[in-house]
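Chemist: Provided herewith is a single structure, encoded as structure tokens, for subsequent inquiry.
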Amino acid sequence: MVSAVGWRPYARVGEIGAYVLLVEWVRSLAVGAPHGAVPSLVIGGAALGLAAVGWRAQSLGFGGSHLGLRIIGGFALGAVLLLPTAVRADAAPILPAGLALPAVAISVGEELAFRGALYAALDELGGAPLAIIGSTALWTLAHALSHPPAFLGAVAAAGLVLALWRWACRDLVAPIIGHVIADLAL
């Protein structure tokens, strides 16, 4: 029989997973409302960021060492995430200027939630393979609520790249920077 303590990691993963999917679902509904895009992105980003509250900075992938390398890594990740757009003829940025700050808010919130808290909880439960696959799967599922099906392969690939970086470098700074760059450029 599994003790109550043995169920805590499962409960934590379930709570974080349900919470981030609920936030993404509500945000996807609100973004379609008249004048709902900006508030839903800003509030949604803040709400997703709350998933990281209570976690140690080290568990989330924030460390004090090698910050310069983490920042350079973020720019490299941003470039990798933008590679598919580089081969398109219509690769010019399409994000309206008024959505730049909200895009930053949602990018940071998603990274704190998916590659921060959810990844840490899954890693605690079953190690890196579960954390990489699980955070990528929930990330893709959350984006299925607001993106066309044809886009989900690219979403899954981006999630996998960001999760692999999180695992290999034990770092969340670079995924945040890379995600912000990608969202601002797309």
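The values are calculated or read from the model by the stated rules, or taken from the named source; none is laboratory data. Computed from a prediction, not measured in an experiment: that's the story for all the values here. When we count neighbours, we look across all protein chains shown, and the Cβ atoms used for this are built from the backbone with ideal geometry, even at glycine.
Chemist: With respect to the numbered conditions (1) within 28 Å of ARG8 (Cα to Cα); (2) modelled with pLDDT under 95, which one is the sole condition not fulfilled by HIS147?
Modeler: (1)
To keep it simple, each residue is scored yes or no on (1) of a type in the set (A, V, I, L, M, F, W, C); (2) closer than 21 Å to VAL42 by Cα; (3) more than 16 Å from the chain's Cα centre (by Cα); (4) at pLDDT below 95.
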| residue | (1), (2), (3), (4) |
| --- | --- |
| ALA79 | yes, no, yes, yes |
| LEU83 | yes, no, yes, yes |
| ALA91 | yes, no, yes, yes |
| TYR119 | no, no, no, no |
| GLY127 | no, no, yes, no |
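Chemist: Right, here's the next one. Has the range 31-45 got at least one residue that is assigned to a helix (DSSP H, G or I) and touching an Asp or Glu at 6+ places or on another chain (Cβ under 9 Å)?
Modeler: Among the residues of the range 31-45, at least one is assigned to a helix (DSSP H, G or I) and touching an Asp or Glu at 6+ places or on another chain (Cβ under 9 Å), which makes the answer yes.
Chemist: Next question. Given the condition over 21 Å from LEU162 (Cβ atoms) and crowded, with 18+ Cβ neighbours inside 10 Å, answer yes or no: does some residue in the range 44-62 qualify?
Modeler: The answer is no, given that none of the residues of the range 44-62 is over 21 Å from LEU162 (Cβ atoms) and crowded, with 18+ Cβ neighbours inside 10 Å.
Chemist: Just to be sure I understand, how many residues within the range 1-56 are of a type in the set (Lys, Arg) and under 15 Å from the mean Cα position of the chain (by Cα)?
Modeler: Qualifying residue count for the region: 1.
Chemist: Can you report the number of residues in the range 109-150 which are among the aliphatic types (A, V, I, L, M) and surrounded by fewer than 21 Cβ atoms within 10 Å (Cβ to Cβ)?
Modeler: 9
Chemist: Which ones in the range 49-80 are among the polar types (S, T, N, Q) and part of a helix (DSSP H, G or I)?
Modeler: Selection gives GLN58, SER59.
Chemist: Something else: When the residues of the range 93-108 are narrowed to those that are among the aliphatic types (A, V, I, L, M), touching a Leu at 6+ places or on another chain (Cβ under 8 Å) and in a helix (DSSP H, G or I), which ends up surrounded by the most Cβ atoms within 10 Å (Cβ to Cβ)?
Modeler: Checked the range 93-108; the qualifying residue surrounded by the most Cβ atoms within 10 Å (Cβ to Cβ) is ILE106.
Chemist: Among the listed residues GLY64, GLY54, GLY68, GLY73, identify the single one that is more than 18 Å from PHE151 (Cβ to Cβ) and in contact (Cβ under 8 Å) with a residue 24 or more places away in the chain.
Modeler: One residue alone meets the criteria, GLY73.
Chemist: Restricting attention to helices (runs of 4 or more DSSP H) lying wholly within the range 125-186, give those where 3 or more residues are among the hydrophobic types (A, V, I, L, M, F, W, C) and within 15 Å of PRO84 (Cβ to Cβ).
Modeler: Here the list reads 152-169, 173-185.
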